[in-house]
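Take a look at the structure below.
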Amino acid sequence: MYFFLIDYKDWMIDYHSPFVLLASVLLFLFFKETHFKKTWGNKIIPFIFGIYLIHEHPLIRTLLWEEWIPIHQIIQQPLMNLILLGLSTLIFIVCLLLSLPLHKLSKRIFEILLTKLN
């Protein structure tokens, strides 16, 4: 217990942690059975995972936060929160625009595969 809680406290919140895995599964099960009213947000929900995959890809993340956006300079600015909110919104919109054709392409590929399998 000491080994995990004291020496490796980051282990409990790391992506490979059983706690994170359990929380992910429980969140998935919760939202699987939850139904929301139809809103404008429902139209972008199918693209959220694609947005995450695009901006969290190791090559894109390194390029984004180390070369294109000088994050170490931004965190020293007095309006840091507003700047980061604006940058996050911009990244979200750009990744959304990139994931739209990818979503349509993958949907079309799955339709073709399903017709061939049937």
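The values are calculated or read from the model by the stated rules, or taken from the named source; none is laboratory data. Because the structure is predicted, anything quoted here is derived from the model rather than measured. Note that each Cβ is placed from the backbone with ideal geometry, even for glycine, and that neighbours are counted across all protein chains shown. These accessible areas exclude ligands, DNA and RNA; they are computed on the full protein's heavy atoms, side chains included. Shrake-Rupley method; radii C 1.70, N 1.55, O 1.52, S 1.80 Å.
How many Lys pairs in the chain lie less than 20 angstrom apart by Cα atoms, where the lysines are 8 or more positions apart or on different chains?
Values: LYS32/LYS43; LYS43/LYS104; LYS43/LYS107; LYS104/LYS116; LYS107/LYS116.
Number of lysine pairs found: 5.
Would you compute, from DSSP H runs of 4+ residues alone, the mean residue ellipticity of the chain at 222 nm, taking -39500 (n - 2.57) per run and dividing by the full residue count, rounded to the nearest 500?
Working: 6 runs with 75 residues, N = 118.
One gets -20000 deg cm²/dmol as the mean residue ellipticity at 222 nm.
Just tell me the longest site-free run in the chain, where the sites are trypsin sites (Lys or Arg not before Pro) in a DSSP loop having at most 11 other beta-carbon atoms within 10 Å.
Numbers: sites that count: LYS37, LYS38.
Here the longest segment lacking exposed loop sites spans 39-118.
Once the piece of chain linking LEU98 and ASN118 is laid out straight, how much longer is it, given 0.36 nm per residue of separation minus the C-alpha distance between them? If you can, show how the numbers build up before the last one.
On the way: separation 20, 0.36 × 20 = 7.20 nm, distance 3.10 nm.
Computed gain between LEU98 and ASN118 is 4.1 nm.
Using a 1.4 Å probe, what is the accessible area per residue for the chain, in Å²? If you can, show how the numbers build up before the last one.
Values: 10590 Å² over 118 residues.
Per-residue accessible area for the chain comes out at 90 Å².
Would you work out if the chain is rounded, prolate or oblate? Take a ≥ b ≥ c from the square roots of the eigenvalues of the alpha-carbon gyration tensor; rounded if a/c is under 1.5, else prolate when a/b is larger than b/c, oblate otherwise. List each step's numbers first, then the result.
On the way: a/c = 1.87, a/b = 1.22, b/c = 1.53.
Note, shape of the chain comes out oblate.
Whats the longest run of the chain with zero chymotrypsin sites (Phe, Trp or Tyr not before Pro) that are DSSP loop and have at most 13 other Cβ atoms within 10 Å?
Working: sites that count: TYR8, TYR15, PHE36, TRP40.
For chymotrypsin sites (Phe, Trp or Tyr not before Pro) (loop position, at most 13 other Cβ atoms within 10 Å), the longest site-free span of the chain is 41-118.
What FRET efficiency do you get for VAL20 and ILE109 if R0 is 30 Å and r is their Cβ-Cβ distance, rounded to the nearest 0.05?
For VAL20 and ILE109, the calculated efficiency is 0.45.
Measure off, as a whole percent, the carbon and sulfur share of the 1.4 Å-probe accessible area of the chain, all protein chains present. Working shown, then result.
On the way: 7630 of 10590 Å².
Roughly 72 percent of what the probe reaches on the chain is carbon or sulfur.
Dipole of the chain, Cα-centred, from +1 at each Lys and Arg C-beta and -1 at each Asp and Glu C-beta, to the nearest 20 debye? Each step should come with its number before you reach the end.
On the way: 10 positive and 8 negative charges, 165 e Å.
About 800 debye.
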